[in-house]
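Asker: Dropping a structure here in structure tokens format, bear with me for questions.
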Amino acid sequence: MKKPNGHEIIQLFEKFSPKSLAMEGDKIGLQIGRLNQKVKRVMIALDVLENVIDEAIEKDVQLIIAHHPPIFRPLKNIITDTVQGRMIEKLIKHDIAVYAAHTNLDVAKGGVNDLLADALGLKEVEVLVPTFETGLKKLVVFVPETHADELRRVLGDVGAGYIGNYSHCSFSTSGTGRFMPGENTNPYIGSAGKIEAVDEVRIETIVPDKLLKKVISAMIKAHPYEEVAYDVYPLENKGEVLGLGRVGKIDEMTLGEFAEKVKTALDVNHVRVVGDLNTKVTKVAVLGGDGNKYWQHAKFKGADVYITGDIYYHTAHDAMMEGLNMIDPGHNVEKIMKKGLTNILLKLCDEAGYEVEIFPSEINTDPFQFK
């Protein structure tokens with residue numbers, strides 16, 4: 001097992017939640033400290049408050065990955081007898097780096113909003129507010145018939161040929177490949193200076209832009225030829241759509257019953273509810289954090305109820321007049337990312353052979369209490 005540095009851990013993380021998914025202007029990435037040091041312990045936090053930093057110091061943490069950026073507005077100064085200045089001072093003195101993953105973690109497949117949808121038991125889940133669409137390429141490769149099945153398997157195993165819920169999709173045609181090996185070659189078939197004809201298969205498959213280099217590398221490694229003949233074409237087809245929030249279906253229940261389910265599923269004591277508690281609900285939209293400006297997307301998608309935090313008084317009136325029920329469990333329900341991201345990053349590090357401890361912060365950072 002390898003002891004990784006901060007760069008290596010973040011590179012793994014950004015394969016799962018790339019910066020390109022973030023909303024324009026979002027304050028993401030490394031905010032405090034450095035990544036060019038060995039990392040023994042990583043702590044996953046929702047917020048970076050002073051008590052969270054004290055926890056990291058006590059637990060000998062070298063890297064905090066947080067959902068909410070501790071530096072969201074530009075700093076005019078760093079004065080160490082203020083709370084924010086003291087926090088930054090503690091982090092630097094104890095060599096703790098802070099990396100923020102905000103809206104990119106909201107959008108990412110398996111990120112905050114998928115974790116919320118899973119906790120609520122949503123079925124037939126779709127993106128609520130599309131913000132990103134994966135580009136697609138058509139990969140065409142020519143291979144001897146004897147190796148066609150194996151190459152198709154390799155391509156599918158590394159992510160090529162995914163169409164909807166189907167994997168390993170490809171199309172093949174048979175033909176004759178002709179070539180003449182030159183001097184100083186070591187051909188798999190044929191001899192130098194002699195034209196060779198081989199029964200070959202043309203394999204076509206779809207590849208997401210983000211996986212193209214990985215797929216081509218795996219293809220070349222699995223291909224028997226010294227020089228692999230292949231083509232890559234741009235496609236107009238729509239790729240995977242990612243975005244903010246999720247919408248899905250539940251078994252029918254009343255709004256009041258569902259509000260109780262939300263409290264249990266998202267581990268909160270109280271929720272604010274907009275609408276008649278006896279209304280039947282079957283379609284649910286959810287968006288972690290402050291989703292006030294997206295309530296009309298929930299209405300357009302046919303949701304009976306929209307779950308989001310920090311609902312404004314007048315937003316509640318507007319939604320109510322349009323017949324959309326709302327449930328506000330608070331912004332802090334995004335704490336679900338602490339355990340969820342811990343499990344994801346542990347799996348990624350284990351697959352990479354990294355020896356590192358990863359655990360969620362145990363500090364409750366919800367500023368609100370209810371009496």
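The values are calculated or read from the model by the stated rules, or taken from the named source; none is laboratory data. The shown structure was predicted, so the numbers you read here are calculated from the model rather than taken from an experiment. Glycine gets a Cβ as well: all are built from the backbone with ideal geometry, and neighbour counts include every protein chain shown. All accessible areas refer to the heavy atoms of the entire protein, side chains included, with ligands and DNA or RNA removed. Shrake-Rupley method; radii C 1.70, N 1.55, O 1.52, S 1.80 Å.
Asker: Would you be so kind as to identify which of Ala119, Val48, Leu105 lies farthest towards the positive end of the dipole of the chain, taking Lys and Arg as +1 and Asp and Glu as -1 on Cβ and the Cα centre as origin?
Answerer: Projecting each Cα onto the dipole axis, the largest value belongs to Val48.
Asker: Which lysines, if any, have their Cα less than 21 Å from the Cα of Lys76, not counting same-chain residues under 8 positions apart?
Answerer: Straight-distance partners of Lys76: Lys27, Lys90, Lys93.
Asker: Would you please classify the overall shape of the chain from the alpha carbon gyration tensor, given that a ≥ b ≥ c denote the square roots of the eigenvalues, rounded means a/c under 1.5, and beyond that prolate means a/b larger than b/c while oblate covers the rest?
Answerer: Oblate shape, in that a/c is at least 1.5 and b/c is the bigger or equal ratio.
Asker: Rank-order 306-312, 265-271 by packing density, defined as the average count of other C-beta atoms within 10 Å over each peptide's residues, highest first.
Answerer: Answer by packing, highest mean first, reads 306-312, 265-271.
Asker: Check each of the chymotrypsin sites (Phe, Trp or Tyr not before Pro) in region 162-206 and keep only those in coil by DSSP with at most 10 other C-beta atoms within 10 angstrom; list them in order. Display every interim value, and only then the final one.
Answerer: Values: sites: Tyr162, Tyr166, Phe171, Phe179, Tyr188; in loops: Tyr162, Tyr188.
Filter output for region 162-206: empty list.
Asker: Another question, if that's okay. Tell me which lysines have Cα within less than 28 Å of Lys299's Cα, excluding those fewer than 8 residues away on the same chain?
Answerer: List returned: Lys109, Lys123, Lys238, Lys249, Lys261, Lys263, Lys280, Lys283, Lys335.
Asker: For region 119-160, what % of the accessible area comes from carbon and sulfur atoms, probe 1.4 Å?
Answerer: Of all accessible area on region 119-160, carbon and sulfur atoms account for 50 percent.
Asker: Taking the Cβ-Cβ separation of Arg41 and Glu133 as r and a Förster radius of 41 Å, what is the calculated FRET efficiency to the nearest 0.05?
Answerer: For Arg41 and Glu133, the calculated efficiency is 0.65.
Asker: Something else: Which GluC sites (Glu not before Pro) in region 19-67 pass both tests, a DSSP loop state and at most 12 other beta-carbon atoms within 10 Å?
Answerer: Answer by residue number: Glu24.
Asker: Antiparallel DSSP bridges in the chain: what percent, to the nearest 5?
Answerer: The antiparallel fraction comes to roughly 70 percent.
Asker: Can you give the FRET efficiency to the nearest 0.05 for Glu322 and Glu24, using r as the Cβ-Cβ distance and R₀ = 35 Å?
Answerer: About 0.80, to the nearest 0.05.
Asker: Which of the three applies to region 220-371, rounded, prolate or oblate, going by the alpha-carbon gyration tensor with a ≥ b ≥ c and a/c under 1.5 meaning rounded?
Answerer: oblate
Asker: I've got another one for you. For region 129-227, which trypsin sites (Lys or Arg not before Pro) are both in a DSSP coil and crowded by at most 10 other Cβ atoms within 10 Å? Present the calculation step by step, with values, prior to reporting the outcome.
Answerer: Working: sites: Lys137, Lys138, Arg152, Arg153, Arg178, Lys194, Arg202, Lys210, Lys213, Lys214, Lys221; in loops: Lys194.
Hits after loop and neighbour filter: Lys194.
Asker: With springs only between Cα atoms under 10 Å apart, run a GNM on the chain and tell me which of Gly25, Gly256, Gly288 wobbles the most.
Answerer: Of Gly25, Gly256, Gly288, the Gaussian network model singles out Gly25 as fluctuating most.
Asker: Which of the three applies to region 266-327, rounded, prolate or oblate, going by the alpha-carbon gyration tensor with a ≥ b ≥ c and a/c under 1.5 meaning rounded?
Answerer: rounded
Asker: Can you tell me the orientation of helix 212-222 relative to the chain, as the angle in degrees between its alpha-carbon axis and the longest Cα principal axis, to the nearest 10?
Answerer: Tilt of helix 212-222: around 40 degrees.
Asker: Each label point is 7 Å from the Cα along the Cα-to-Cβ direction; what then is the distance between the points at His94 and Met1, in nm?
Answerer: Spacing of the two 7 Å Cα→Cβ label points: 2.3 nm.
Asker: Would you compute, from DSSP H runs of 4+ residues alone, the mean residue ellipticity of the chain at 222 nm, taking -39500 (n - 2.57) per run and dividing by the full residue count, rounded to the nearest 500?
Answerer: About -8500 deg cm²/dmol.
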